[in-house]
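The values are calculated or read from the model by the stated rules, or taken from the named source; none is laboratory data. Quick caveat: nothing in here was measured; it's all calculated off a predicted structure. Using ideal geometry, Cβ is built from the backbone for each residue, glycine included, and neighbour counts are taken over all protein chains shown. For the accessible areas, the whole protein counts, side chains as well, though only heavy atoms, and no ligand, DNA or RNA atoms are used. Shrake-Rupley method; radii C 1.70, N 1.55, O 1.52, S 1.80 Å.
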Amino acid sequence: MSTTEHVDLAPATDGGALRTAYSCFPSGVVAVCSQIDFAPVGMAASSFATVSLDPPLVSLCVQHTSRTWPKLRNAPRIGLSVFAASQDLLCRQLAGPAAHRFDGITPQVSDNGALFIPGSAAILSCSLYDEVSAGDHDLVLLAIEALSADPGIEPLVFHASTFRALEARA
Ligand SMILES: Cc1cc2nc3c(=O)[nH]c(=O)nc-3n(C[C@H](O)[C@H](O)[C@H](O)COP(=O)(O)O)c2cc1C
């Protein structure tokens, strides 16, 4: 018989413990942006996940309190830009006051208004595929229509509330 050791767990109702646990999972960060009425609109999101190859789908989780997502969700195309390791300040800017999110940036735009951050590791032009309300967030599924990627560009990593970069193992 194998031996076991008892472990005490915090209840999931402990919001601090839950946030800390979520922060232990490292993730990349994407900019979610569209050109709407000739103006750039966007936000940063670390909840990006790949979902399906056929059809090509990715997901995001967006807080119900977001004032940017209700604008983006009606755009014909939504651009996702995978932030590069060098773009940590830009990432913070994309999460800051909406009026200054694109200060100092000349965004790239493709067909139907998908907007991208220059120098990103990958850019995906998407359309809204489905949305499911999930607790205090919306789980958003996006269908990829077109893309460009450069795995040679080091990605930004968000872990334990801090921006980091990857280190290759020999
Ligand atoms: C590193 C980082 C990751 C974030 N990830 C998400 C996310 O996955 N989902 C989300 O709704 N907001 C996320 N945010 C917050 C948004 O970028 C933004 O600040 C928030 O939506 C409030 O702005 P808004 O009202 O214009 O939407 C993140 C912020 C930072 C700095």
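Some notes on this structure:
- For region 71-126: rounded, prolate or oblate by the Cα gyration tensor [a/c cutoff 1.5]: oblate
- GNM flexibility winner over the chain from PRO40, PRO151, PRO107 (Cα, springs under 10 Å): PRO151
- Value of relative contact order over region 20-115, rounded to a whole percent, pairs C-alpha under 8 Å and six or more apart: 33 percent
- Surface analysis of region 83-170 yields an accessible area of 59 Å² per residue, using protein heavy atoms and a 1.4 Å probe.
- Within region 1-69, chymotrypsin sites (Phe, Trp or Tyr not before Pro) in DSSP loop having at most 16 other beta-carbon neighbours inside 10 Å: PHE38
- Mean projection of the Cα convex hull over all viewing directions, computed for region 82-170: 8.0 nm².
- Sparsely packed trypsin sites (Lys or Arg not before Pro) within region 1-89, loop by DSSP, other Cβ within 10 Å at most 11: ARG67
- For region 94-140 and region 20-35, distance of Cα centres in Å: 12 Å
- As a fraction of the 1.4 Å probe accessible area of region 19-147, surface on carbon and sulfur atoms comes out at 56 percent.
- Using all pairs of distinct alpha-carbon atoms, the Kirkwood hydrodynamic radius of the chain works out to 17.2 angstrom.
- The GNM of the chain, with springs linking C-alpha atoms under 10 angstrom apart, assigns the highest mean-square fluctuation among ALA44, ALA143, ALA12 to ALA12.
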